[in-house]
Every structure is written in C-alpha cells, then in structure tokens.
Amino acid sequence: MTHLLATLALLAFPALVIAAAVKDAASYTIPNWISLALIAAFPVAALAAGLPLGAMGLQAAIGAGALVAGMAMFAAGWIGGGDAKLFAAAALWLGWPAALSFILATGLAGGVLTALLMGLRSAPLRPFAPSGPAWLARLAEPGESVPYGVAIAVGALCAFPISTLARAL
C-alpha cells in the first residue's frame, strides 16, 4: 500500500511539469499554482518514498539554489518569472545529482526549442501558422519570446528517472 501511495505521489511531478509546458506554449505564462503545487506535493512524495530528512533538506537546498539562479536569469531578462519558479520547483524534486542532468537537458531542450521556433518564424513557414490554432500563430510571431517552460519540462522529465525520489522506489 505504501508503494502505491508513493507511486501516486510521484506521478504529480510529471503531470504538473507537463501542465506547465502546455500552458507556457499556449499562453506564454506559467501559473503560480503549478509551482506551488509542486512544492506542496514534494514532502508528501518524499515521505511516501521513505526519503530521509537529511536528503529532503539537501533537496530543499538544491531547490533554493535553483531559485537564486532562476532569479538571476530573470533579472538578466533571459527567462520569465514563471520559468524561474518552475525551474526551482523542479530542482527541488530532482535532488542531487539529477539536478546536473536537469540543467544540461534543459539547456539542450532550450536550444532545440529556439531553433524550431526560428524555423517556424522564418519567411517560408510563417504564412502557414495563422491557419492553425491561435497559440501556434503566436509562437510563429517574429519577436515573440521563447516559452522556456517547455524546455524546463523536457529537462525535468529527462532527469526524473535518475532523481533521488524515483530511485527511492
């Protein structure tokens, strides 16, 4: 029964980061409730998985460090505020050493996403975007920013299988 509860609690992570990615791609916003839900669900998942308090503290420190890094990236204008909060909430769940894989995978996914958007925003492809959904037309708009929550979600999902929580099961 405990294993089932831990598994169900762990499913909150991929569900919430996917929800953040979809919302960011569609509206260029990540609602605060998603990051807050990730933070609130973490102790439940950690306790259900039997994570020791010391490991939970280390993960909290990693999340805090990621928040500081995210705030610096936001201040530099590289990412949005919702991206910074999602980055920190995801790092909280991933722990050490999966956070390193998370950073690397997020950076690679961000590069691929940017290249895809540059292609979509190019002269040959851009005329086709208005015939699709409104969110696609907005993604194809030159000068729009990159919905980096998508890259953060990809990085988080890539690193999750090697996270402290996933390995605890």
- ³J(HN,Hα), Karplus 6.51/-1.76/1.60, whole Hz, each residue of segment 101-111, x for Gly, Pro: 5, 4, 5, 5, 5, 5, x, 5, 5, x, x
- If you bin the C-alpha pair distances of segment 2-168 every 5 Å from 0, what whole percents do you get? 1, 10, 17, 22, 18, 12, 9, 6, 4, 2, 1, 0
- Message: For segment 94-108 and segment 15-86, what is the centre-to-centre distance using only Cα atoms, to the nearest Å?
- Response: 13
- Message: Charges at C-beta only: +1 for Lys and Arg, -1 for Asp and Glu. How large is the resulting dipole of segment 2-168 about its Cα centre, in Debye rounded to 20?
- Response: 80
- Task: Could you go through segment 147-164 in sequence order and give the Karplus-derived ³J(HN,Hα) for each residue, using 6.51 cos²θ - 1.76 cosθ + 1.60 with θ = phi - 60°, rounded to whole Hz, and x for Gly and Pro?
- Result: x, 5, x, 5, 5, 4, 5, 4, x, 5, 5, 5, 7, 4, x, 9, 5, 4
- Task: Could you tally the net charge around ALA20, taking each other residue with its Cβ under 10 Å from the Cβ of ALA20, Lys/Arg +1 and Asp/Glu -1?
- Result: 0
- Message: I want to verify a result. In a Gaussian network model of the chain, Cα cutoff 10 Å, which of these has the top mean-square fluctuation: ALA88, ALA156, ALA40?
- Response: ALA40
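Each value in this text was obtained by applying a stated rule to the coordinates, not by laboratory testing. Just so you know, these numbers come straight off a predicted model, no measurement behind them. Every residue, glycine among them, receives a Cβ derived from its backbone with ideal geometry; neighbour counts consider all protein chains shown.
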